[in-house]
Amino acid sequence: MTERKNDDTALEALFAEARRESAPLPDDLFARIMADAESRLPAAPAASPRRQSRLAALGAMLGGWPSMAGLATATLAGVWIGVAQPSGLSDLGLWSGDGVQAGYELGDMMPGYDSLTGEG
């Protein structure tokens, strides 16, 4: 098996020689290259796009009609739960339906650290 040396000096000398010898590009070759490149460019749009209404722009920003339908469904569900409140939700509120304050405070519904410090 023969061993190869990783000597880059010869390669660097070739690169340096190529950098020194720069031949100018002929004008006709440059013109043909540019004509070929321009022929492959996509065609410009014929007309400018229509302006969208603010509602259409908002709908596009939110993700289109599927997202808008989901937002509308969630809004209607929230309104329905607010108007026809289930009986289980009235137990969680601080005020009952007749305006009398419930028997517990807001701090009673928040978790505390005492549940973490108990021995178990």
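Taking trypsin sites (Lys or Arg not before Pro) across region 19-54, the ones in a DSSP loop with at most 12 further Cβ atoms lying within 10 angstrom of their Cβ are R40, R50, R51. Phi angles of region 41-58 translate, via the Karplus equation with coefficients 6.51, -1.76, 1.60 and θ = phi - 60°, into HN-Hα couplings of 5, x, 5, 6, x, 5, 9, 6, x, 5, 7, 8, 6, 5, 5, 5, 5, 5 Hz per residue; Gly and Pro are given as x. For region 23-72, the orientation-averaged shadow of the C-alpha convex hull comes to 7.1 nm² (one quarter of the hull surface). Between E17 and S39, the FRET efficiency estimated from the beta carbon spacing at R0 = 35 angstrom works out to 0.45.
Read-outs throughout are calculated quantities, based only on the coordinates presented, and are distinct from any laboratory measurement. Keep in mind the model is a prediction, meaning the values are calculated, not measured. Positions of Cβ are backbone-derived with ideal geometry, glycine not excepted, and every protein chain shown enters the neighbour counts.
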